[in-house]
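Heads up: the structure comes next, in structure tokens.
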Amino acid sequence: MKIAIAITGASGALYAKQLLATLQRLRCQLSEVSIVFTTTAKQIWHEELNQPIDLHSFTEYENTNFYAPFASGSAQYDALVVCPCSMGTLGRIAHGISDSLITRAADVMLKERKKLILVPREMPYNLIHIKNMELLTQAGAIICPASPTFYIQPQTIEELCQTVVDRVIDLLGLENETKRWGNNMPISKYAN
């Protein structure tokens, strides 16, 4: 499987960091992983995480590089994940504005009927956000909001963020061991 990961300037760099780490762990299931950051994404990464970006063995492309393989359907990439996805990026994708590598790659995924997974990290949503998400859903994209799961009783922020990352991994169709509803869950005293 060949995938591209786009990281935009929305808050939530921890989601991107954990996604990259999880993909590294699952590397044997992937033939290629390409990464693209917006300029703001790198700034947010350093502000929120205060650590260098570790791309492992993945290939990074500049957001202005339209010669990146995933800028064309002929490269046969299987999926693009935008995590976190700013509402500005989401809006440009929804309206077919291919003014960067990220928005062009998203357009390619839609036209080739490949997986486009957008992980918006915004709240609350305004009507424009909702309409853009509706338009993208109708076009075939998957909107996977960065809404963590609490039923596994995460103990750290990292565990909480990992619940979103694990959902993205599932949507990609990769095999991943994780806590799931009904499995490895604590028994609630309120269960029927």
Failed item, numbered, when Y151 is tested on (1) assigned to a loop (DSSP other than H, G, I, E, B); (2) at pLDDT 95 or above: (2)
Return the total of residues in segment 102-150 being under 15 Å from T8 (Cβ atoms) and free of Cβ contacts under 8 Å to residues at least 24 places away in the same chain. 1
Among the candidates S147, S100, residue that is hydroxyl-bearing (S, T, Y) and open to solvent by less than 40 Å² (accessible area, probe 1.4 Å): S100
Going by the structure shown, is D99 under 21 Å from G12 (Cβ atoms) and assigned to a loop (DSSP other than H, G, I, E, B)? no
Residue by residue through segment 10-59, note down the ones that are open to solvent by 70 Å² or more (accessible area, probe 1.4 Å), within 19 Å of G173 (Cα to Cα) and in a helix (DSSP H, G or I). R25, C28
Which numbered condition I93 misses (of (1) exposed (fewer than 13 other Cβ atoms within 10 Å of the Cβ); (2) touching a strand residue (DSSP E or B) at 6+ places or on another chain (Cβ under 9 Å); (3) more than 26 Å from Q24 (Cα to Cα)): (1)
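Every residue, every condition in (1) open to solvent by less than 70 Å² (accessible area, probe 1.4 Å); (2) modelled with pLDDT of 95 or more, yes or no:
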residue: R113; (1), (2): no, yes
residue: P120; (1), (2): yes, yes
residue: L127; (1), (2): no, yes
residue: M133; (1), (2): yes, yes
residue: G140; (1), (2): yes, yes
residue: L171; (1), (2): yes, yes
residue: E177; (1), (2): no, no
residue: P186; (1), (2): yes, no
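The values are calculated or read from the model by the stated rules, or taken from the named source; none is laboratory data. Bear in mind the structure is a predicted one, so any value in this text is a computation, not a measurement. Please note: Cβ atoms are built from the backbone with ideal geometry, for glycine as well, and neighbour counts cover all protein chains shown. Calculation scope for accessible area: heavy atoms of the full protein, side chains included, ligands and nucleic acids excluded. Shrake-Rupley method; radii C 1.70, N 1.55, O 1.52, S 1.80 Å.
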